[in-house]
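Worksheet for the structure shown next.
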Amino acid sequence: MRSYFINARATHWLLVVILFAVASYLPYLIFGAFPFATQVNLSEDKIENLVKELDLPNYYDLHIDQATEEDKLLEKQAFDSWEGGKCRFCHSLREDDRARMAPSLYRILGKPAAVGENFTYSQSLIEMRNNGLVWTPETIDAFISDPENYIPANRMRLEGIKDPETRQLIINYLIRESQ
Ligand code: HEC
């Protein structure tokens, strides 16, 4: 009887430890969320310097206003839904959205990679920033069509969106919601 209780207690503790380990690991596994913020945010000046020479257009002045209500609904679905990009699942987009487990995509076009505030990026995304990656409609399109291939060992858990129209709708939505 005594050994039964000792065993039960050991099993109980083992279960608690396993549950704790799984609970800690799951957000990382599913969302790429990282529990410790270790990266120091870049200053506005440094961010500005990274794109200064490039002479990028102001993407938010681009005309996407011919869109009908139906187009707008399709854009929203492409960004939000499980059949679309499920971007909303991990990313906030508007300035006043609550923070989620991935960096905010507010005004992401025209920004260097990996400069979002208070987010611990993967080393591979930071290296891409150091190599001059800047988010434009083209680079975002390439990234979301096959994230793992475009930036090996990045931490965004997304299979890749094969349909070019869905990608276009998502990019339109990124522009529209940041205007
Ligand atoms: C499962 C969660 C998840 C989903 C779904 C997701 N992302 Fe991400 N995304 C992340 C994470 C985590 C990162 C940071 C990756 C890293 O540090 O390697 C990221 C990074 C990015 C970046 C780079 C941000 C920066 O500051 O450099 C862009 C752009 C982006 N995602 C766009 C999208 C779009 C568009 C979609 C929808 C098609 C999407 N993501 C879907 C989790 C997600």
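Assorted remarks:
- Shown is the FRET efficiency for residue 5 and residue 30, computed with R0 = 35 Å from the Cβ-Cβ distance and rounded to the nearest 0.05: 0.40.
- Pairs with C-alpha atoms separated by more than 18 Å, drawn from the list 111/162; 52/111; 72/162, are 111/162; 72/162.
- Whether the range 43-101 is rounded, prolate or oblate, judged on the alpha carbon gyration tensor where a/c under 1.5 counts as rounded: oblate
- In this calculation the C-beta distance from residue 117 to residue 13 is compared with R0 = 41 Å, giving a FRET efficiency of 0.55.
- Cα-centred dipole magnitude for the chain, charges only on beta-carbon of K, R (+1) and D, E (-1), debye, nearest 20: 1300 debye
- Loop chymotrypsin sites (Phe, Trp or Tyr not before Pro), the range 77-140 (other Cβ atoms within 10 Å of the site Cβ: 14 or fewer; DSSP): 82
- Relative contact order for the chain, counting Cα pairs under 8 Å that sit 6 or more residues apart, in percent: 26 percent
- Stretching residue 179 away from residue 82 to a fully extended chain increases their span by 32.4 nm, per 0.36 nm per residue minus the current alpha-carbon distance.
Computed from the coordinates by the stated procedures, all read-outs in this text should not be read as laboratory data. Because the structure is predicted, anything quoted here is derived from the model rather than measured. Positions of Cβ are backbone-derived with ideal geometry, glycine not excepted, and every protein chain shown enters the neighbour counts.
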